[in-house]
Structure formats: C-alpha cells, structure tokens
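Read through the structure below, which is laid out as structure tokens, and then see the notes.
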Amino acid sequence: MTELREIQLPDAAAQASSAENARELRGEKMVLNMGPSHPATHGVLRIVLELDGEIITKARPEIGYLHRGDEKIAENMTYTQFIPYTDRLDYLAPLANNVAYALAVEKLMGIDQQLPPRCQYIRVICCELARLSSHLLGVGCYAMDCGALTVFLHTFTEREKIYNLCESLTGARFTTAYTRIGGLSRDLPPGWVDQCRKFLKEVVVNIAETETFLTRNRIFMDRTQGVGVIPKEVAIDYGLTGPNLRGSGVEHDLRKAQPYLVYSQLKFDVPVGLAGDCYDRYLVRMEEMRQSVRILHQCLDQLPGGPVNVPDGKVALPPKDRVLTRMEELIHHFINVTQGVNAPPGEIYFGHENPKGELGFYINSKGGGTPHRLKIRSPSFVNLSILSHLLPGQMLSDVVAILGSFDFVMGECDR
Amino acid sequence: MTALETAQQLRAKFDGLISEPSEFRGEITLRVSDAERMPDICRVAKTELGFDYLVDITSLDNYGDDPRFTIVYHLYGYGHLCHLRLKTDVSEEKGELPTVTGVWRTADWHEREIYDMMGVRFRGHPDLRRILMWEGYPYFPLRKDFPLAGKPSDVPEVAFTNPAPLEGGPFVTIAGGKDTVAREPRVRIPETD
C-alpha cells in the first residue's frame, strides 16, 4: 500500500520558488541616499535611489548644492566684470568657458567677425588645451571610479603641465579669466609656443600609455561595456551634448556644424560611438584628446603675428602706455572700465563646443553695459537630467560607472 | 533649408498665431501670441520641420511691463543644422502655460528651473518641484524685484538665508551718478521703503 507524504525541501532556493515564500522574500524596497558628498558624484550631486535588492527601481537626482546665482549676478555687473565668474562654471576647463562667454558677447555686439587672426588662433589653442585638461581628468577619474587608481595619477601628471602652461599664459593656474570682450588680456609670453610643443610631444605618449592601461583591459571592459546604454533617439530627446551625445552615435560637433573662430580652416575628425554605452563614451574622449593634439599642432604651426585685440578703443582696452600719455585713449579706458562696453539692444544665443558639451549663453540686452538677462545653458545640467530615465533597471554598483562616464561638473550644473 | 524658410513654414501652419520672423545677428525669432498653443507648435516643429533638439528654455522678467514674463525656447535640428527661437508671453496674474515635456523630454529640468527661479508654472509637468533652491523656499530669485542681496528666509530644519553684505555693491557703476546702493532699485527691499 502506497502512502503519500509531504516532504519538506531543505534547499532555501527551492523554497523561494513557491509563490507564498517569494512574496515574503521580496520584502520592502530600500531607499538609499547617494551623496551629496560621495567620491563618485564628483562634487555635490545627490541621488535618491530606490532599490529592489541590488536593482535600482527609481532614481531621483537632487541638484542645487552649488547654486550661487551666477545669472542674477550677471544682471548686476558689466559684461567684462562677469568674465571671472565664467571660470567657476566648468572649473576643469575655465579657458574654454572664457572663450565661449567672450564670443557670445562679441556676437551680440556684432564684432565676432572682426577679431584679429592671432586672437582667434590663441583662443582655439586655449579651447583645445582646456579640452585636453578636462578629458585627462575625466578619463583618470573614470578609471578610478572603476577601480584603477594608477590611471588617475598618470593623467594628473600631464594635467599638471597644462596648469603650468596656463600659469605662464594667464598668471593663474585655475581661475584664468583670460579673454576680454574683443580680445585677450595679454599676448602669449616669450617661449610659450616651444613649451606647448614640448608638452604636446609628451602628452601623446601619456595618452597612448593610458590607452594601454584601459582600452583592452578585461576588468575595465567588463565594467563599462553594455552598461548605461543610451540609444541615439533617447540621447537627442534628452538633449545630451558633447562626448555623451557622440558616444551614442550622433555625429554632431559645433566646431564642425556651426564653425566659429578658425575651426573651419583646421583639420580634425569627430569621433562617434556605436553602442552608446559607458565604454563608447570613454573611447570618444580618448580620441578627442588625440584630435585636440592635432588641432594644437596646426595652430602652433600657423600662428600668425599681429595684435590680439580689436582696434576699437570702445570695445577693448587701449594699450596702457597710450592710456598714460594720450587723452582719447584715457577717455576710452575710463568709459570702458566704469560703464562697460556699449552693447546694442537685442538678443543672441551662442553655443560653444565645450569639453563637456554645448555651453550656451543667451544674452538679452536692452542696450548699455549690462545684460538684461544672461542665461547659461550648461551641458552638465542637461546631461544629468537623463539619470532618472537611465538608472532604473541598472545594478547599484553600475551607478558609479554610469556617473563617471557622463563626466559632469556640478559648478556649471548648478551655476 | 534655411532657418528663415523653416520659420515661414511653421508660420504658414499656424496662421495668425505666429508673428513675422525677425532677424538679429543671423538668428530667427518668432513670437507666439498664445502661450496655450506652445505644445502644438512645438510638436509640429519637431515632427514636421525636423527640430529634434530642444537646446534650452529660459525666461525673461519684463518688470513693469505687461505681460510680465516671456518664455524663450531655443530649437535646433540635427538634420538641417538650423536654429530657431520661439518667444511667448505669460502674464503675472495667469503665471502658467502648458508644458512641452511631451514633445522633448529634456524640457523637464528646464521648466523646473524656470518655475524655481521665476515662478512661472507649467501645467501638465510630471514633477514640477523646485530644482536649485530647496522645497519651501518662499521667493523666486531671478525676478527683477528680488534684491541682489537676497531676502531673509527660514525653513526650519532645512535651510535659512540672510541678506548678503554687498559692501557698496551692486557693482554696476556710472560716473558722476548717485552711489550704487541708492541708484540700484533692486538692492532695496520694496516693503521697507
């Protein structure tokens, strides 16, 4: 006679498979507060994550911890006085911000086509040095986020040389405030071109070494490939710009699409990714550094002579020796400093290809020396808005890899 | 296709609603007379005229004029590389207009920022909270009647603000005029005058 008996399975995994137990094991969702002070948030970004085990179900980025009211401040000072504030937007590439802001004001004044060639070339050199500096930091920090500390120290050695170049060029390593409306605060110092050439020779070696550390590194590839994939349409819909957009396969670079300065005369390629994952965004940055070196070599070879400021005393400050000896230049200097440049009424938007993406300035002027409204369209602000869409469904440990691949700066995100 | 041609096409689709395009420094601006129609206009601009990238939305405070607020949209198309600016007015009494987050998702944070800084609300926005300031902060700092120095505020156990010492600022100067604090109306707190 057969007897039916219910047996208890000792295996925990098998137990979980029954519906009743599964409900019990699923438990409650956990809310994890990441930041505002966390090594992977690169500043003061806070993300409130809702977790189901290790899977993120909801992500809510909270920003504004570095909000200083730059746009309000800009309405209360002259155009020239605001230049030092642009250093503090993307503080990893202050030279590029200076150039972007100066070009925006010059577009408003209608003098952007009258800039002397030497000024334009030096500004391109500034932008590309800033791009190198920003990407070296971006790649170094990204590797550190993924667990490779050596790369960080390696790329920072090279950034130190860029800071030395900045110091001899502008007098400051970090807060450069180098451009002026209609020109530059000073010309290149003697011997700077040779120093820069020497640096370019060294940096290509460094980039190649960094590449051997990471590009075919099994751990790094496993950590970044297929993680944080952004399809092309989503990237456009969320308004991503810069390497994050190009990593998703959109071939768009404002230096090519809306050429400013002398970019139309320079030869360079725009790298794009295929998969749109973290690895592609890293690859785009690596290639952009090589292209920047290429642009810098062309600029240093073609660098023309001549003045660096527009010859109009109503826009750029006249040379100091003439201010001290001549009546007209003294008046120009006085009016320029006390009232600022006299911008016409009107409104313009100027988008600049910054290392992190499209840095745009919208200036609404009612005439005179101060803007009525100055809006800063910062790439990091827009790039971060995709997080609440991108993070759900990812593993908690991948948040660090995804954040690092965006290479954002809270200084310009919060303004 | 140039920006002017796309502007004319958009204008033809919404007859009487969109002004004659104006050009300044090579940029085309269209004024939309009815803010309520912005989502429709934006959807047509995106789907039919190829403006797939919303660069930015920003706000202006025309303090003293009516309507008080202007919302400015910057559109760009990756296909034709044209830039277009749309402007529409919102009065202070109404203080709201429909959201365009249904057209471009990037509008989400831009609209939150405008709400936070200027106090213009976007109807239908999925999550209209303050973004740069904290929840409970009582003012809208980018309005022209908000003083540069700030105003005192206190949200218990969250944050507080005190007016900043300006040391003779704000810093715009005009030779021979009054001293800067007396000359600058925005630095004074209107209630105390």
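The values are calculated or read from the model by the stated rules, or taken from the named source; none is laboratory data. None of these values were measured; they are calculated from a predicted model. Here Cβ is always computed from backbone atoms with ideal geometry, including for glycine, and neighbour counts include all displayed protein chains.
Here are a few things to note about the model shown:
- Meets criteria (modelled with pLDDT under 90 and over 22 Å from A:Ser380 (Cα atoms)) for B:Lys94: yes
- Residue within segment A:378-386 that is touching a strand residue (DSSP E or B) at 6+ places or on another chain (Cβ under 6 Å), more than 9 Å from every other protein chain (Cβ to nearest Cβ) and closer than 19 Å to B:Lys144 by Cα present: no
- In segment A:354-366, the count of residues that are modelled with pLDDT of 90 or more, facing chain B (nearest Cβ under 9 Å) and surrounded by fewer than 23 Cβ atoms within 10 Å (Cβ to Cβ) is one or more.
- B:Gly136 surrounded by fewer than 19 Cβ atoms within 10 Å (Cβ to Cβ), within 11 Å of another protein chain (Cβ to nearest Cβ) and assigned to a loop (DSSP other than H, G, I, E, B): no
- Neighbours by Cβ (under 8 Å, 6+ apart or cross-chain): first from segment A:144-170, at negative phi and in contact (Cβ under 8 Å) with a residue 60 or more places away in the chain; second part of a helix (DSSP H, G or I) and among the charged types (D, E, K, R): A:Cys146/A:Arg223
- Checking each residue in segment A:140-174 for being β-branched (Val, Ile, Thr), surrounded by 17 or more Cβ atoms within 10 Å (Cβ to Cβ) and under 30 Å from A:Val400 (Cβ atoms) picks out A:Val151, A:Thr155, A:Ile162.
- Enumerated strands (runs of 3 or more DSSP E) restricted to segment B:34-117, each holding at least 1 residues that are within 11 Å of another protein chain (Cβ to nearest Cβ) and buried (at least 21 other Cβ atoms within 10 Å of the Cβ): B:53-61, B:69-76, B:83-90
- Candidates A:Tyr65, A:Tyr101: the one that is touching a residue at least 24 places away in the same chain (Cβ under 8 Å) and closer than 20 Å to A:Thr370 by Cα is A:Tyr101.
- Filter pass, B:Thr2 being in contact (Cβ under 8 Å) with a residue 40 or more places away in the chain, closer than 23 Å to A:Thr241 by Cα, within 14 Å of another protein chain (Cβ to nearest Cβ) and of a type in the set (S, T, N, Q): yes
- Matching residues in segment B:123-135 - criterion: being closer than 14 Å to A:Gly64 by Cα and not charged (D, E, K, R): B:Ile131, B:Leu132, B:Met133, B:Trp134
- Flag if B:Asp127 is among the acidic types (Asp, Glu), closer than 30 Å to A:Glu233 by Cα and assigned to a loop (DSSP other than H, G, I, E, B): yes
- Selection from segment A:405-415 of residues that are under 16 Å from A:Val44 (Cβ atoms) and part of a helix (DSSP H, G or I): A:Phe406, A:Met410, A:Gly411, A:Glu412, A:Cys413, A:Asp414
- Considering segment A:44-69, and only residues there that are within 11 Å of chain B (Cβ to nearest Cβ) and not in a strand (DSSP E or B), the residue that is nearest to A:Ser397 (Cα to Cα) turns out to be A:Ile63.
- Condition met for A:Pro36 (on the phi < 0 side of the Ramachandran plot and at pLDDT 90 or above): no
- Tally of residues being crowded, with 17+ Cβ neighbours inside 10 Å, within 14 Å of chain B (Cβ to nearest Cβ), among the β-branched types (Val, Ile, Thr) and under 12 Å from A:Gly276 (Cβ atoms) across segment A:211-259: 3
- Enumerated helices (runs of 4 or more DSSP H) restricted to segment A:228-325, each holding at least 1 residues that are in contact with a strand residue (DSSP E or B) (Cβ under 9 Å, 6 or more places away or on another chain) and aliphatic (A, V, I, L, M): A:232-237, A:243-247, A:254-257
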